[in-house]
1. Can you find a residue in the range 622-643 that is open to solvent by less than 30 Å² (accessible area, probe 1.4 Å), touching a strand residue (DSSP E or B) at 6+ places or on another chain (Cβ under 7 Å) and more than 26 Å from Ser150 (Cβ to Cβ)?
2. Can you name the number of the only condition in (1) in contact with a strand residue (DSSP E or B) (Cβ under 9 Å, 6 or more places away or on another chain); (2) modelled with pLDDT under 80; (3) part of a helix (DSSP H, G or I); (4) not charged (D, E, K, R) that Phe833 fails?
3. Given the conditions (1) of a type outside the set (S, T, N, Q); (2) surrounded by fewer than 22 Cβ atoms within 10 Å (Cβ to Cβ); (3) outside any helix (DSSP H, G or I); (4) touching a strand residue (DSSP E or B) at 6+ places or on another chain (Cβ under 7 Å), report the number of the one that Leu133 does not fulfil.
4. Do we find that Gln582 is without any contact (Cβ under 8 Å) to a residue 60 or more places away in the chain and under 19 Å from Glu311 (Cβ atoms) in this structure?
5. Among the residues of the range 761-811, write down those that are among the basic types (Lys, Arg) and closer than 27 Å to Leu851 by Cβ.
6. Just one of (1) surrounded by 16 or more Cβ atoms within 10 Å (Cβ to Cβ); (2) farther than 24 Å from Leu188 by Cα; (3) not charged (D, E, K, R) trips up Met42, so point out which.
7. Can you find a residue that is open to solvent by less than 70 Å² (accessible area, probe 1.4 Å) and assigned to a helix (DSSP H, G or I) anywhere in the range 74-88?
8. Just give me the residues in the range 165-201 being open to solvent by 50 Å² or more (accessible area, probe 1.4 Å) and either basic (Lys, Arg) or at pLDDT below 80 (or both), in sequence order.
Amino acid sequence: MPQVEDTRPSPDALLKLAAKQERGRLKLFLGAAPGVGKTYKMLVEAHNRKREGVNLAIGIIEHHGRDDTRHLITGLEIIPRRHVEYRGQTLKEMDLDAILKRKPKLVLVDELAHTNAEGVTHPKRWMDVRDILAAGIDVYSTMNVQHLESANDIVAKITGVRVQETVPDSVLDLADEVEIVDITTEELQRRLREGKVYPEEVAQRALANFFSEGNLTALRELALRRAAERVEQAMRSHMAEHGIEGPWEASDRVLACVDATPAAHLVVRRAKRLADRLRAPWEAVHVETPDSERAPTRERDTLLGTFRLAEELGAKTCSLSGGDAIEEILAYARDQNVTHLVVGAASRPLWIELFRGSMIRRLVRSAGDIAIEITPREEKRAGVILRETLRAPPLREPGAYIGASIFVAIATAFAVAIDTAIKLPNISLVFVLAVIAAAIRYGMAVSIFAAIISALAYNFFLTEPYYTFQIADPSNVWAVFFFLAIGVAVSGVAARARAQAVIARKQARQSGDLETFARDLVGMEDEAEIAGRAAETAARLLFARVVVLTMQHGMLEPIAEAPGPEFLGADDLAAAKWSFEQRREAGRGSDTLHGARWLFLPVPGERGFVGVIGVRPQDEAARLDPEQRRVLDLVAAQAGVALDRARFQHEAADARVEAESERLKGTLLSSVSHDLRTPLSSIRSAIESLKRYGDKHDAATRNELLDTAETEVRKLSRFVENLLDMSRIDAGVVRVRKEPVEVSTLVESALDRVRTPLQSKVLSRDVSTGLPHVLIDPALAETAIANVLENAAKYAPPGSTVLVRAYRKDHAVTVEIVDEGPGFPAGALPGLFNKFSRGVEGDGRPPGTGLGLAIAKGFIEAQGGSIDAQNRSDRSGAVVRLHFPIEA
């Protein structure tokens with residue numbers, strides 16, 4: 001039965017496979033440097049797929065003026081790019097919406113690491129690709145290895161140039177296929193000299209710097225290593241998906257199994273030498289078992305030192321947890337396709353091995369094809385091992401021993417009562433319950449103490465002669481001895497079960513808290529709220545004080561603390577800054593700035609590191625163990641993604657606001673240039689005519705010219721008033737002075753302001769003087785009604801009727817303005833009251849700024865009223881209703 005279980009596919013692997021099948025496939029053409037031919041290779045592959053009948057299109061291709069690449073674009077469908085207006089420039093970006101609408105089987109997206117212009121859906125092109133894949137569309141894309149986030153520092157050291165546009169490593173993991181596009185260093189340099197990569201003057205500088213022979217060789221090796229890691233990961237996924245038990249020795253991999261003893265350093269060094277000899281990656285792993293849960297602080301510090309040594313020597317470290325260390329190690333080794341295990345020799349005496357079993361023998365029997373190397377170490381004395389096995393609680397905390405004594409006292413009283421009433425031969429079993437209770441509650445050492453005092457109590461109260469420790473019957477000596485042995489054995493089993501239950505509860509609590517944390521982050525958009533939730537979760541799980549720092553206005557500043565406010569000294573802030581800049585841990589317990597009181601770790605996001613998280617255990621002498629580090633890394637990773645997402649949303653919102661501001665600015669300038677030019681031209685013409693030919697004009701002509709100038713001046717005045725009113729509304733400085741006003745008087749005042757525009761219309765009124773007074777600001781309400789009337793006058797044809805009527809509805813008086821114009825176009829109503837919104841489309845619309853209805857809405861709502869609009873149902877025309885609150 002166990003063999004059948006071992007050949008089953010991994011459930012996690014099957015879930016990942018199912019998720020992959022639901023999305024498109026990503027093929028990445030990875031190069032070591034610009035000019036190796038990634039785009040060319042991608043286009044050649046696209047033409048091959050097209051000949052196979054695949055429906056494909058080009059999302060975006062950057063040919064950089066290279067004729068051979070431009071020639072390959074011919075014959076492939078190109079989805080038009082999107083035009084983005086940014087700071088007076090028109091930029092062309094890939095149109096994500098057009099690709100999703102077109103939905104080809106395959107789309108080509110060049111330069112995966114490209115940063116999009118502001119105003120585009122996503123700030124990075126790889127995010128666009130992620131949406132395309134989610135829509136079920138396959139993608140071919142290109143990228144150079146220096147754009148990988150994890151390789152950024154390495155490339156900077158090699159070339160002296162830090163690449164600004166980076167792609168998270170998770171995007172490389174997302175790729176279903178990675179193809180290395182590689183040419184020799186000499187060939188690439190020759191292409192540079194021939195001007196096939198950059199213009200001649202740029203190429204000469206590049207050859208002397210980034211494209212030097214040493215740099216290119218190192219970059220080629222880096223690209224090949226990344227591709228090899230990706231291939232190995234694909235192999236492990238294949239094994240997990242098909243239930244294949246490893247290892248497959250396609251490449252060597254070394255695993256060092258360490259414990260909390262000083263001899264573990266020998267294991268780490270031996271594993272390092274073996275990995276160097278095999279030129280293989282290696283890891284160091286430790287298993288948290290019920291026994292290690294009771295380890296003293298000294299041993300935990302030793303384990304931390306071992307992990308730090310492994311990391312310094314280039315290993316990855318991992319902490320596992322489980323009841324059986326051998327099973328956990330072998331399961332992890334097979335999952336990671338490990339080929340060599342390095343373990344320490346048994347340090348326990350033979351009698352302990354016979355009693356508890358040999359871990360080395362079990363490992364050798366169960367390892368299968370995994371090679372095992374055993375590192376010798378110093379053998380411990382039996383007395384030392386016995387002390388470590390018992391591990392009694394500190395005497396300064398006697399509560400456990402007192403509790404165990406109470407359990408034994410209760411069992412003794414119960415046993416004496418039973419023995420007095422009924423003579424039972426196996427009355428000693430009552431004390432076994434006390435021993436089990438002590439083991440479950442306090443652990444093995446205290447349960448052995450309970451077994452000893454239970455044996456003494458049994459001898460004192462229940463064996464003859466009573467109330468003395470003497471034993472008259474020799475058979476009772478063996479009874480007491482076997483009772484003590486059974487008590488010790490039972491205490492060991494119960495203590496182990498207790499430790500396993502403690503581990504299970506701890507893991508369940510951690511999993512529950514982490515799940516709740518991840519679920520809470522989904523709806524959060526505020527950085528401080530996200531950081532605060534992360535700090536609270538980490539503080540609760542690690543029993544420590546936690547602080548989160550992010551970049552604010554160019555400086556690293558705390559934005560969240562838990563469980564309460566914290567003060568960071570100069571050393572702490574220096575460690576935090578170093579950790580953020582170098583992307584490594586710093587501070588307490590680390591190798592850098594260890595004088596700080598806090599340990600700081602960088603917080604990774606999707607687009608780079610977003611801050612640091614600092615931890616300070618409640619116990620000043622304690623340090624984070626490997627399991628706590630794993631939990632902290634999980635919290636930091638989830639918080640980093642959420643912080644990055646929130647920052648992106650703020651940036652996108654700012655970009656939308658800026659784009660809208662640019663649009664409104666352009667609309668305003670266009671409107672101002674038109675609406676100022678027309679009346680100014682009329683005024684100038686009238687004045688020039690009067691000035692030059694005033695004595696030749698008759699009185700009627702002069703009056704007509706003066707009337708024209710006066711009318712246009714009124715238009716200009718009205719135009720300026722509208723701009724000032726809109727600026728007051730935007731600034732939130734509209735002052736409202738409410739007073740009771742009669743509706744008929746209000747309507748007449750508004751009509752007087754727009755007599756001239758309404759001259760060519762038939763004006764109809766239906767306003768009763770018996771309506772209740774409304775509580776409003778007369779000036780603001782009059783302006784709002786006048787704006788609506790002027791709007792009706794603009795769009796209603798000459799000779800048509802404009803109806804103004806008022807009536808009471810519920811607790812408001814409604815002023816309704818009805819015209820016989822063309823009405824509002826379909827789809828215009830939702831944005832009708834926005835700034836610069838014009839109700840009629842086309843070149844024939846009358847002049848105007850599109851501010852009248854927006855001002856009316858702002859003034860009405862400032863007084864507690866409302867406004868709405870619709871088209872007439874009986875004929876063409878518009879209806880606008882203004883609702884004013886009635887005086888109480």
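The values are calculated or read from the model by the stated rules, or taken from the named source; none is laboratory data. Quick caveat: nothing in here was measured; it's all calculated off a predicted structure. All Cβ positions, glycine included, derive from the backbone under ideal geometry; neighbour counts span all protein chains shown. Note: areas computed on protein heavy atoms with side chains; ligands, DNA, RNA excluded. Shrake-Rupley method; radii C 1.70, N 1.55, O 1.52, S 1.80 Å.
1. No, because not a single residue in the range 622-643 is open to solvent by less than 30 Å² (accessible area, probe 1.4 Å), touching a strand residue (DSSP E or B) at 6+ places or on another chain (Cβ under 7 Å) and more than 26 Å from Ser150 (Cβ to Cβ).
2. Only one criterion is unmet by Phe833, namely (3).
3. Of (1) of a type outside the set (S, T, N, Q); (2) surrounded by fewer than 22 Cβ atoms within 10 Å (Cβ to Cβ); (3) outside any helix (DSSP H, G or I); (4) touching a strand residue (DSSP E or B) at 6+ places or on another chain (Cβ under 7 Å), only one is false for Leu133: (3).
4. Working: without any contact (Cβ under 8 Å) to a residue 60 or more places away in the chain: yes; under 19 Å from Glu311 (Cβ atoms): yes.
So Gln582 passes the test.
5. The initial filter retains those residues of the range 761-811 that are among the basic types (Lys, Arg), namely 761, 765, 794, 805, 808-809.
Lys761, Arg765, Lys794, Arg805 - these are the residues of the range 761-811 that are among the basic types (Lys, Arg) and closer than 27 Å to Leu851 by Cβ.
6. (2)
7. No, that holds for no residue.
8. Ser170, Asp173, Arg190, Arg193, Glu194, Lys196, Tyr198, Pro199, Glu200, Glu201
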